[in-house]
Amino acid sequence: MPTSRIRASDRRRFLRFLAGSSLLALSGPAWNGDRRAIAGSATDIARGPAITSPNEAINVFDFETAAREKLPAAHFGYLTTGVDDDATLRANREGFSKFQIRPRRLVDVATVDTTVELFGQTWKSPIVLAPAGSQKAFHPDGEIAAARAAGAMRHLQILSTGATSSVEAVRAAHGGPLWFQLYPTDAWRVTQALVKRAEAAGCPVLVLTVDLPVGRNTETERRFARADTRPCASCHQPGLAGFVRRKPMFDGLDVTGVSILAPRLTWDIIGRLRDTTRMKLVVKGIETREDALLCVRHGADGIIVSNHGGRAEESGRATIECLPEVVDAVQGRIPVLVDSGFRRGTDVFKALALGAKAICIGRPYLWGLAAFGQSGVARVLEILDWELELIMRHAGVTSLAKLDRSFVLDTRRP
Ligand SMILES: Cc1cc2nc3c(=O)[nH]c(=O)nc-3n(C[C@H](O)[C@H](O)[C@H](O)COP(=O)(O)O)c2cc1C
């Protein structure tokens, strides 16, 4: 079609897409990394202009393009970043291709059951919203919008210590029990207060994140921040004081001299938390069989295999590749969940077949949130639920309980 005949609205949408596209970021002076580091996917070049409503989305990656267009550069950088060369971020995606699905035929799959039970509570889907801080940086309704979407669809949500909405308000918006994620500070008094408040708000499970006791090198975030000309100082000041300023979980706590980092943290923390709360205790950020066994030995109630979405250390190792050794070490004594890089129903299927009880997503729902608020999060969950049901039907699996390792081939094994 001659250029002159392209509708002006189409041209405007295309220009908006280019302006928001990671492709432009590539050619700009602020970027010298791999294009896939931004997208977390190798296929973004094939995508079209940003969608303008959640229902236009064909897959969850469509929300990334829309989020990139809507967010200020620095906020998108925070959302998208990995660490160092973003190699672990990419590995998380590439890891799934090392496991292939072995479908079984001629099974009556007219109905499939995706419900999952976690610590006595039944959820409609094994897809969980991972804890993510600062969600009002992505949408004015932040965690509340995510909670409304997850609650209406009966998905579990894990609320971050660094949430920009209070645990009480998010609990009310969700309507069901939330899990609370804890970043232990270096001050026990502050840690204890966070735990007590989450328990009082009705959270049945405490998720202790152990993969970030020290700082991290988020280069992609810093490159995007350089491209952002807005003054950020009113919101972001250095140290915990700056961090907690918009974080309601810290309201009323004296954080003078306290650090969010806790480099002295050891396994003793599990016993101390056990003595502080009756909540179940799940450890997030485990990647090895050795640490999985230590979790069991110290009395943890569950594990989340996670590398923080490639945002902690640059291990270069996908969590889907860590999962089998953790599941084997634990031998069914406690539930194992997993996150990092999940973007497709087939990814979820593979992890569940390898022995995970549930999986968490981070960036996909944050893309949905950034692009459209509550309805964006809801559509992301709807797409992933639908994709999971579809692959279950293709593979002849009528319920998650029937999913086992016979449904996946680990191509790394001889
Ligand atoms: C913007 C952002 C903020 C995050 N904040 C937290 C947090 O406060 N606590 C935590 O335990 N994990 C946090 N995470 C990690 C997620 O819980 C989860 O492990 C990760 O996002 C999963 O990888 P995915 O984004 O590829 O799905 C954050 C991740 C992102 C992308």
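At a glance:
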item	result
Residue satisfying condition, being among the small types (Gly, Ala, Ser), more than 14 Å from the ligand (Cβ to nearest atom) and over 20 Å from residue 311 (Cβ atoms), within set 215, 242, 252	252
Inter-residue pairs, beta-carbon under 6 Å, first more than 12 Å from residue 360 (Cα to Cα) and in the stretch 147-164, second more than 14 Å from the ligand (Cβ to nearest atom) and of a type in the set (A, V, I, L, M), 6+ apart	147/173; 148/173; 149/378
Leading residue by the ranking (nearest to residue 146 (Cα to Cα)) among those in the stretch 167-191 that are open to solvent by less than 10 Å² (accessible area, probe 1.4 Å) and outside any loop (DSSP other than H, G, I, E, B)	170
Failed condition for residue 387, given (1) outside any helix (DSSP H, G or I); (2) within 30 Å of residue 141 (Cα to Cα); (3) not aliphatic (A, V, I, L, M)	(1)
Filter pass, residue 256 being more than 21 Å from the chain's Cα centre (by Cα) and surrounded by fewer than 23 Cβ atoms within 10 Å (Cβ to Cβ)	yes
Which numbered condition residue 229 misses (of (1) polar (S, T, N, Q); (2) closer than 21 Å to residue 337 by Cβ; (3) touching a helix residue (DSSP H, G or I) at 6+ places or on another chain (Cβ under 9 Å))	(2)
Subset of the stretch 353-364 that is closer than 15 Å to residue 124 by Cα and open to solvent by less than 20 Å² (accessible area, probe 1.4 Å) - its residue that is farthest from the ligand (Cβ to nearest atom)	358
Search result, residues across the stretch 152-166 that are open to solvent by 10 Å² or more (accessible area, probe 1.4 Å), within 14 Å of the ligand (Cβ to nearest atom) and small (Gly, Ala, Ser)	none
Qualifying residue in the stretch 384-400 (condition: at pLDDT 95 or above, closer than 22 Å to residue 329 by Cβ and either more than 12 Å from the ligand (Cβ to nearest atom) or more than 16 Å from the chain's Cα centre (by Cα) (or both))	yes
Strands (runs of 3 or more DSSP E) (entirely within the stretch 192-308) containing at least 3 residues that are touching a Cys at 6+ places or on another chain (Cβ under 6 Å) and in contact (Cβ under 8 Å) with a residue 40 or more places away in the chain	none
Residue 344 within 13 Å of the ligand (Cβ to nearest atom), open to solvent by 20 Å² or more (accessible area, probe 1.4 Å) and in contact with a helix residue (DSSP H, G or I) (Cβ under 9 Å, 6 or more places away or on another chain)	yes
Members of the stretch 309-324 found to be in a loop (DSSP other than H, G, I, E, B) and among the hydroxyl-bearing types (Ser, Thr, Tyr), listed by number	315
Test: residue in the stretch 227-241 that is within 30 Å of residue 176 (Cα to Cα), aliphatic (A, V, I, L, M) and open to solvent by 20 Å² or more (accessible area, probe 1.4 Å)	no
Qualifying residues in the stretch 255-292 (those that are within 13 Å of the ligand (Cβ to nearest atom) and at pLDDT 95 or above) - the one farthest from residue 164 (Cα to Cα)	287
Filter result for residue 230 (more than 16 Å from the ligand (Cβ to nearest atom) and at pLDDT 90 or above)	no
Output for the stretch 367-386, where each listed residue is open to solvent by 10 Å² or more (accessible area, probe 1.4 Å), of a type outside the set (Ser, Thr, Tyr) and either touching a residue at least 60 places away in the same chain (Cβ under 8 Å) or within 17 Å of residue 130 (Cβ to Cβ) (or both)	372, 374, 378, 379, 382, 385
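So that you can scan it fast, the table gives a plain yes or no per residue for (1) closer than 16 Å to residue 362 by Cβ; (2) in contact with a His (Cβ under 9 Å, 6 or more places away or on another chain); (3) within 16 Å of the ligand (Cβ to nearest atom):
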residue	(1), (2), (3)
98	no, no, no
127	yes, yes, yes
138	yes, yes, yes
184	no, no, yes
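The values are calculated or read from the model by the stated rules, or taken from the named source; none is laboratory data. Remember, it's a predicted structure, so these values are computed and weren't measured experimentally. Because the Cβ atoms are built from the backbone with ideal geometry, glycine has one as well, and the counts that use them run over all protein chains shown. Keep in mind that these areas ignore ligands, DNA and RNA; they rest on the heavy atoms of the full protein, side chains included. Shrake-Rupley method; radii C 1.70, N 1.55, O 1.52, S 1.80 Å.
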